[in-house]
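These notes concern the structure reproduced below.
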Amino acid sequence: MELYYATFKSPVGKILAIRTNKGISFLTYPQSRWQKFFSALSRDETIDLKRDDEKFSSLKKTMRSYFAGKKVSFKEPLDLTGGTPFQKKVWKAMLKIPSGQTRSYGWLAKQVGGKNKARAVGSACGANPLPIIIPCHRVIREDGSLGGYGGGLDLKKKLLRVEGAKI
């Protein structure tokens, strides 16, 4: 399987983006998290990883606009084949949360048909392979507190502030 990657600078640190022929499949930051990803890839001999900055030119442009505080719509196709059916449902529901706004884990659970599944929704948020693009940072606790974020709460706050959210 061919995978393509590119890296680019951002206000949250250097971002690593991965794509298949189907679409963007993985995004991670900060750079300290890259090693885990590359270690996992090195164990799979069926993967051919190639750097190809050209395949990410649209994503890079959209990310620059995003971090400049502009409302953006990520138009790149997404490849979510690594997720379970439930995770994919949650990730697709998160795409509907408007920029600059937040929704609770409970709200998100209701969107995917399980108002009592807030914990499962939280786990799906934590497994999100495309943070920023799939805006898990917009999901907060019912009481208005931020909850968790894989990159840490300071990073979650920073992303919400970039979008103009009231936190």
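The values are calculated or read from the model by the stated rules, or taken from the named source; none is laboratory data. Quantities reported herein were computed from a predicted structural model and do not represent experimental measurements. Positions of Cβ are backbone-derived with ideal geometry, glycine not excepted, and every protein chain shown enters the neighbour counts. Ligands, DNA and RNA are stripped out before the accessible areas are found, and what is left, the full protein with its side chains, is counted by its heavy atoms. Shrake-Rupley method; radii C 1.70, N 1.55, O 1.52, S 1.80 Å.
Rolling a 1.4 Å probe over the protein heavy atoms gives the chain an accessible area of 55 Å² per residue.
Rounded to the nearest 5, the antiparallel percentage of DSSP beta bridges internal to the chain is 55%.
Of all DSSP bridge pairs formed entirely within region 1-63, close to 70 percent run antiparallel. If the Kirkwood radius is taken over C-alpha pairs of the chain, then at 25 °C and 0.890 mPa s the Stokes-Einstein diffusion coefficient equals 149 µm²/s. Can you grab the distance from the C-alpha centre of region 79-109 to the C-alpha centre of region 115-167, Å, no decimals? Taking the Cα centre of each part, region 79-109 and region 115-167 sit 10 Å apart.
Working value for region 111-167: equivalent-ellipsoid semi-axes of 19, 13, 10 Å, each the square root of 5 times a Cα gyration tensor eigenvalue, largest first.
Tell me the trypsin sites (Lys or Arg not before Pro) within region 57-148 that lie in a loop according to DSSP and have at most 16 other beta-carbon atoms within 10 Å.
Working: sites: Lys60, Lys61, Arg64, Lys70, Lys71, Lys75, Lys88, Lys89, Lys92, Lys96, Arg103, Lys110, Lys115, Lys117, Arg119, Arg138, Arg141; in loops: Lys70, Lys71, Lys75, Lys96, Lys115, Lys117, Arg141.
Listed in order of number, the matching sites are Lys70, Lys71, Lys75, Lys96, Lys115, Arg141.
Kirkwood radius, region 26-89, all distinct C-alpha pairs, inverse of mean reciprocal distance: 14.5 Å. By the rule of a C-alpha distance below 23 Å, with chain neighbours fewer than 8 residues away ignored, the lysines paired with Lys89 are Lys22, Lys75, Lys110, Lys115, Lys117, Lys156.
Scanning the chain for GluC sites (Glu not before Pro) in DSSP loops with at most 11 neighbouring Cβ atoms within 10 Å leaves 46-141 as the longest stretch between them.
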